[in-house]
1. Pull up the cross-link candidates among the lysines for LYS316, meaning alpha carbon to alpha carbon under 20 Å and not fewer than 8 places away within one chain.
2. Rounded, prolate or oblate: which one fits segment 69-194, using the alpha carbon gyration tensor with axes a ≥ b ≥ c (rounded when a/c is under 1.5, else prolate when a/b beats b/c, else oblate)?
3. Would you calculate, for the chain, the mean residue ellipticity at 222 nm contributed by helices, counting each DSSP H stretch of 4 or more residues as -39,500 (n - 2.57) and dividing by all residues, to the nearest 500?
4. I'd like the Kirkwood hydrodynamic radius of segment 80-293, using the inverse of the mean 1/r over distinct C-alpha pairs, in Å.
5. Percent antiparallel among DSSP beta bridges with both residues in the chain, to the nearest 5?
6. May I ask which residue of LEU238, PRO102, LEU46 lies farthest towards the positive end of the charge dipole of the chain, with charges of +1 (Lys, Arg) and -1 (Asp, Glu) on Cβ and the Cα centre as origin?
7. Once fully extended, how much extra length lies between GLU296 and ALA29, figured as 0.36 nm per residue of separation less the alpha-carbon to alpha-carbon distance?
8. Taking just the alpha carbons, could you work out the radius of gyration and Dmax for segment 156-265, both in angstroms?
Amino acid sequence: MDPSQVTIPPLMDLTIDNITENVNLINSANPDARFKYVLERLVHHLHDFARETRLSTHEWMAGIQFLTKTGQICSDVRQEFILLSDILGLSLLVDSIDHPKPPNSTEGTVLGPFHTHDAHSLGHGELMSHDDNGDPLLVLCTVKDVNGKPVSGVKIDIWETDSSGHYDVQHAGRTEPDGRCIMTSDDKGDFWFKAIVPVPYPIPHDGPVGQLLKTLRRHPMRPAHMHFMFDKEGYDHLITALYLRGDPYETSDAVFGVKNSLIVELGKVDKATAEKYGVDEGIALLTHDFVLVTDEESKRLREENSRKALAKLGKKVKIVEGLPVPDVD
């Protein structure tokens, strides 16, 4: 960048009280209205945090070192920053803001750090998990829109742990994916597969996030669940999961992922169902109807929620490309 082509506002004599104003002033030439707004609010809240807590240099350096260690432990199969976002409740908050759902649709939840892009595509009725130690489970699901119309051709990513509470990527020597798959809903919006009954498990807690949980006297456990991710053009991207009712960690999920509408009760496969789907009578049965929202429905609700939320904060905004920016007109 040619310094002669950049106009920098002159800084005032810097103090505790005016440093925030100065930082935002010098950042004000940013031509991207949304980025400018986000950065301005980030600086504002970060500075207020420091002022309100009277943050010490020692404490801030400890925070920097914690974030440094968090980055250093990340790898292709471990995303410690997602874990940090999860255990602070930020992941769920952002998803809820960015993907609002009307009452009659399936709610979203956290992605978690163990989704991969190498899952095999399976046909309906095929086996997703090859863990012989797991309890067999038949999963029968539908995908519909908010009007009850079946949605066909939806790409569905599905993943769960094995019976020991580990995802495939957590095992040394992994050569191919297991306990995960990609399916496509049929003309009736249906998809079904064979898996194992989910079990509770700990998030990775041998790193900085685990140490933070220990300091906070919090456990690292997640209740038993199965992940689902739905993708089809014209519909809002849905990341969700189903949680088993009665799990001991149902009300204390380490990553705040459980919502009441996502808690399900397992049934048992009866004789007729066993014959129809080629499974043993009496094994566990999971049934669920997923309801997707169109992009337009989600966009309209997101914009409406943004205006209402920021109006409560006394802010006048306009919506640009679906996101709020200050309205200075």
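What follows is calculated from the coordinates using simple rules that are stated; it is not laboratory data. Since this is a predicted model, take the numbers as computed values, not measurements. Methodologically, a virtual Cβ is constructed for each residue, glycine included, from the backbone with ideal geometry; neighbour enumeration extends over all protein chains shown.
1. Cα-Cα hits under 20 Å: LYS36, LYS299, LYS308.
2. Oblate.
3. Numbers: 8 runs with 95 residues, N = 329.
Rounded to the nearest 500, the figure is -9000 deg cm²/dmol.
4. Here the Kirkwood hydrodynamic radius works out to 17.8 Å.
5. The answer is about 70 percent antiparallel.
6. LEU46
7. So the chain would gain 92.8 nm between GLU296 and ALA29.
8. Rg, Dmax (Cα atoms, Å): 15.6, 51.
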